[in-house]
Amino acid sequence: MITVEHLTKRYGNHPAVDNVSFSCEPGTVTGFLGPNGAGKSTTMRMICGLTPPTAGTATVSGVPYRRLGNPGRHVGVLLDASAQHAGRTGREVLSLAALTMGVDTREVPRTLDRVGLNATAAKRRVRAYSLGMRQRLGLALALLGDPAVLILDEPANGLDPEGIFWMRGLLRDFADRGGTVLLSSHLLREVEAVADHLVVIGGGRVVAQGDKAELLAATGTLVRALDPAALDLVLKRAGLAGTKTTDGGVVVQAGAEIIGRAAADAGLVLLELRPAGSGGLEQMFLTLTAGDSVKEAVR
Amino acid sequence: MTAVLENTPQLEQASTRPVPIGRLTMIELRKLADTRAGLWLLIVIAFATAATSAIMIGWAPDEEQTFQGFFEFGLLPSAVLLPVLGILSMTGEWSQRTALTTFTLVPARGRVIAAKLIAGVLIAIASTAAALALSAVANLLGAAFGGDGSWSIDGSVIWQGVALQVIFVLMGIGFGALLLNTPLAIVAFFAVPMVWSILGGTIKALKTAAEWIDINTTTTAMSEPAMTSGEWARVAVSAAVWVVVPLALGVWRVLRREVS
C-alpha cells in the first residue's frame, strides 16, 4: 500500500509537483499517467526518499520510505533502467543488491531467468545491454527482494511488444497475489491494458483519478457528423463544449440523447454517436496536458 | 520502531531492520574491484609496487637494498593511486548513476558513506600489508643479487606507512564526495595541493603557512622512521585542511543531494 498526501516539490518558483494525493491499494495496479515532464518521476522519487519534498508526505505500508532499514525486502523499485554501472555485469548488479538486502545469492540466476535474461546475458556488462535488456535487469532488481509493493517508472520503455505483453502478465499476476503496483507511463494505451486505477497528472497536478472503468465511462460522448462545420455550429449553439479528435470526431461532455436531439433539431446527419471510452480518456489526456511538452522543451 | 511495527503488521522484520554496516562495508570493498576501472587500478598498483622493487634491485646502491628500503619506496605507487580508487568509490555512484540503486536499497545514506570510509581504510591497510610482503620477497631477491639484505625495520615506519595510506585514501574519498565528478575530482586531488605547494614555495609570506598546510611536504616525514611530535602536528593540521574539510563538506553534500 502506498499513500501520497499533498506531495509538493518546487524548484525555485517552478512547481514540478503540486499538491499530489493518491493511494495505491494491495491487490491493484495503479497506472500513473502523464506526459513527459508532468512530474511522474519526481513524485516517484519523493515516494522513495530520493528527493526531499517541499511539502506533503508519502508512505509505503504506513511508513515513510526512508524509515525502512532494508526497503528492498518490502518495496521493489525501478526508477531508471539506464542508471546502472556500465562496467558491471548484469549478474554482478543483482549480486550486489542481493548482498545488500540479505537475499540468498542463489536467487540471482533464478530472478534473471524470471525476467528473461539468460546466462549469457547475465555475464555481459551492462554497457552492452539494449534498453529492453536494461529494463528487464531493472525489473529483476525490483523483484529480487520478494517485495509486496512495486514502484516502476516507465518500465515498458524499450521493451518490444512481446516484452510489454509479458510484463503486463507479470504485473497482473503480482497484483492478483495481493501485491501493490504503482506503474507510470506517458502512454495511456500501455497502462490501460493492465491498470485497475488511474492517476492522471499534468503540469505537476492530478487532473483525474479513480477506477479505470469509471474514468473511461465518464469521458463523454464521441460524435461524428457528415458536415463537421455544421456540427461545430450546432454544438456551440447548444452550449456543449467539445474537443476535436484527430479523425474528425468531437468528444462532448454530455449524454448521447442531448447531443442526438440537438443534431436532430438542426437536421444534421450523424455518422457516429457513442460513449467515448478510452478514446475519450486519451482526448482528455491530450487536452489536459496540452502545451506541457512545449514547456518541457523550454525548461 | 515498535510503534511503527504495531501500526503496520504487514511489514516484515527483514525490511525494517537496518542493513548491518559490516555487510555494507563488504559490498563497498567488492564494488572497488568489480568494475574494469577499479580492477585495473588495483592491478596497476600491484605491478607498480613490484616495479619499485625491481628498480631498486637493478639500480639502487647495494647498501640501500634493505627490507625497510624496499618498503619505503614500495609504498609510493599505492600512496599515489589508491586515492583514485577512493575518488571512484564516491564519484562512480553519481557519474554512473548507481546512487539511484544504492540509496534506494539503503535510504540511510550516512551508513553507505560510513561503509565507503571503512572500506577505504581497510584497503589502505591491506595495500600496506601487501607492500610489506612484496618488500620481503624483494629483499630476499636483492640479497641474492648482492644487496645489503638487512631485515631490520623500524616499527614506526610500518604504522606511519599505514597512516600515510589512510590519510591519502580518505582525502581521495573526501574530494570525490565534495565534487561528485570523476575527472574533476581526480584533477583537483592532484592539482590543487600541487598549486598550493608551488605558491607556498614561491611566495615568501606564505612560507610558514605552507609548512603546516602543504600536505605533500608534511607527509614526507612519514616515510622516515620516528617522526617527531612537531612533524605529527604538521601532518594533523594539513590533514585537517585537505582531508577533514573536504570530507565534512562532501558528506554533507551527499546526504542532502537529490538523487535522480
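Inclusion of B:F103 among residues that are assigned to a helix (DSSP H, G or I), more than 10 Å from chain A (Cβ to nearest Cβ), more than 21 Å from B:M171 (Cα to Cα) and out of contact with any His (no Cβ under 7 Å at 6 or more places or on another chain) is not warranted. Taking the condition at the interface with chain B (Cβ under 10 Å from one of its Cβ atoms), under 23 Å from the mean Cα position of the chain (by Cα) and farther than 25 Å from A:F165 by Cβ, does A:T57 pass? It is false that A:T57 is at the interface with chain B (Cβ under 10 Å from one of its Cβ atoms), under 23 Å from the mean Cα position of the chain (by Cα) and farther than 25 Å from A:F165 by Cβ.
Filtering the stretch A:63-91 to residues that are facing chain B (nearest Cβ under 7 Å), more than 20 Å from A:P26 (Cβ to Cβ) and among the small types (G, A, S) leaves A:G69, A:A83, A:A86, A:G87. Considered as a group, the residues in the stretch A:2-28 that are under 18 Å from A:V75 (Cβ atoms) and aliphatic (A, V, I, L, M) include one that is nearest to the other protein chains (Cβ to nearest Cβ), and that residue is A:I2. Of all residues in the stretch A:23-41, those satisfying the criterion of being more than 21 Å from A:L286 (Cβ to Cβ) and surrounded by fewer than 22 Cβ atoms within 10 Å (Cβ to Cβ) are A:S23, A:E25, A:P26, A:G27, A:T28.
The residues in the stretch A:1-49 that are closer than 20 Å to A:R67 by Cα and at pLDDT below 95 can be counted, and the count is 1. Would the stretch A:29-47 turn up any residue that is among the small types (G, A, S), more than 9 Å from chain B (Cβ to nearest Cβ) and under 16 Å from B:V106 (Cα atoms)? Taking every residue of the stretch A:29-47 in turn, none turns out to be among the small types (G, A, S), more than 9 Å from chain B (Cβ to nearest Cβ) and under 16 Å from B:V106 (Cα atoms). Close contacts from the stretch B:47-63, counting a first residue that is in a helix (DSSP H, G or I) and a second that is among the acidic types (D, E), with Cβ to Cβ under 6 Å and a gap of 6+ residues or different chains, come to B:D62/B:D148; B:E63/B:D148. Select from the stretch A:241-257 the residues that are under 17 Å from A:A230 (Cβ atoms) and free of Cβ contacts under 8 Å to residues at least 24 places away in the same chain and list them in ascending order. Correct list: A:G242, A:K244.
Is it the case that some residue within the stretch B:77-84 is part of a loop (DSSP other than H, G, I, E, B) and at negative phi? No; the residues of the stretch B:77-84 include none that is part of a loop (DSSP other than H, G, I, E, B) and at negative phi.
Checking B:R111, B:R17, B:R97 one by one, the residue that is surrounded by fewer than 17 Cβ atoms within 10 Å (Cβ to Cβ), within 14 Å of chain A (Cβ to nearest Cβ) and not hydrophobic (A, V, I, L, M, F, W, C) is B:R17 and no other. Every test in (1) among the hydroxyl-bearing types (S, T, Y); (2) more than 22 Å from A:A122 (Cα to Cα); (3) within 14 Å of another protein chain (Cβ to nearest Cβ) is passed by A:T105 save one, and that test is (2).
Within the stretch B:161-194, the set of residues being within 21 Å of B:E211 (Cα to Cα) and not aliphatic (A, V, I, L, M) comprises B:G161, B:Q165, B:F168, B:F189, B:F190, B:P193.
B:A126 passes all but one of (1) in contact with a helix residue (DSSP H, G or I) (Cβ under 8 Å, 6 or more places away or on another chain); (2) surrounded by fewer than 17 Cβ atoms within 10 Å (Cβ to Cβ); (3) closer than 30 Å to B:M227 by Cβ; which number fails? Here B:A126 meets the rest and fails (1). Within the stretch B:118-139, can one find any residue that is within 14 Å of chain A (Cβ to nearest Cβ) and under 24 Å from the mean Cα position of the chain (by Cα)? Checked against the condition, which is being within 14 Å of chain A (Cβ to nearest Cβ) and under 24 Å from the mean Cα position of the chain (by Cα), the stretch B:118-139 yields at least one hit. A single entry from A:A97, A:A38 fulfils the requirement of being out of contact with any Phe, Trp or Tyr (no Cβ under 8 Å at 6 or more places or on another chain) and in a loop (DSSP other than H, G, I, E, B): A:A38. Of all residues in the stretch A:53-69, how many are touching a residue at least 60 places away in the same chain (Cβ under 8 Å) and surrounded by 20 or more Cβ atoms within 10 Å (Cβ to Cβ)? Here the count works out to 2.
Checked against (1) within 14 Å of chain A (Cβ to nearest Cβ); (2) surrounded by 20 or more Cβ atoms within 10 Å (Cβ to Cβ), B:I45 meets all criteria but (1).
The values are calculated or read from the model by the stated rules, or taken from the named source; none is laboratory data. On a predicted model such as this, the values are computed, not experimentally measured, just so you know. As a convention, Cβ positions derive from the backbone with ideal geometry for all residues, glycine included, and neighbour counts pool all protein chains shown.
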